[in-house]
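The values are calculated or read from the model by the stated rules, or taken from the named source; none is laboratory data. Everything numeric in this text was worked out from a predicted model, so none of it was measured. Here Cβ is always computed from backbone atoms with ideal geometry, including for glycine, and neighbour counts include all displayed protein chains. These accessible areas exclude ligands, DNA and RNA; they are computed on the full protein's heavy atoms, side chains included. Shrake-Rupley method; radii C 1.70, N 1.55, O 1.52, S 1.80 Å.
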Amino acid sequence: MDKAFDILAEFWRPMVKAYANTLTNDPHVAEDITQETFMSAFERLDDFDESQCFGKWLRGIARNKVRNYRKRAHLRSPIIDPKVLEGIELVYNAYDSPDSQRHSRWEDR
């Protein structure tokens, strides 16, 4: 991978993994989703709109990976109230602006 992307991936990985774990409630699946998310993000980096938040873009990719995982595993998607998903997004959006404290909070997870 590209060195700049490696730096971005290292920075955002804890957040993506925590997000995937929130959606799957399975740390092993969350790790797989996290790896797939970064592979897809690297392949589709040209599609990223630099005026948008990189973390939010990554969460969108991760969310789609979780949906695809559930389809492949023939698992019924949990019924999630859109307001609950919106609440989860609000929590994660709070961590989108870069600061040094946020990075250490994700690494505690």
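Overview of results
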| read-out | value |
| --- | --- |
| Residues that are among the hydroxyl-bearing types (Ser, Thr, Tyr) and farther than 18 Å from residue 57 by Cα, drawn from the stretch 23-42 | 24 |
| The one condition in (1) surrounded by 18 or more Cβ atoms within 10 Å (Cβ to Cβ); (2) over 18 Å from residue 90 (Cβ atoms) that residue 11 fails to fulfil | (1) |
| Test: residue in the stretch 47-61 that is farther than 19 Å from residue 10 by Cα, of a type in the set (D, E, K, R), part of a helix (DSSP H, G or I) and modelled with pLDDT of 90 or more | yes |
| Residue in the stretch 52-65 that is under 19 Å from residue 96 (Cβ atoms) and either open to solvent by 80 Å² or more (accessible area, probe 1.4 Å) or in contact with a Cys (Cβ under 7 Å, 6 or more places away or on another chain) (or both) present | yes |
| The stretch 23-51, subset touching a helix residue (DSSP H, G or I) at 6+ places or on another chain (Cβ under 7 Å) and open to solvent by 70 Å² or more (accessible area, probe 1.4 Å), residue farthest from residue 85 (Cα to Cα) | 42 |
| Those residues of the stretch 62-77 which are free of Cβ contacts under 8 Å to residues at least 24 places away in the same chain and assigned to a helix (DSSP H, G or I), in sequence order | 64, 67, 68, 70, 71, 72 |
| Members of the stretch 1-40 found to be at pLDDT below 95 and acidic (Asp, Glu), listed by number | 2, 6, 10, 26 |
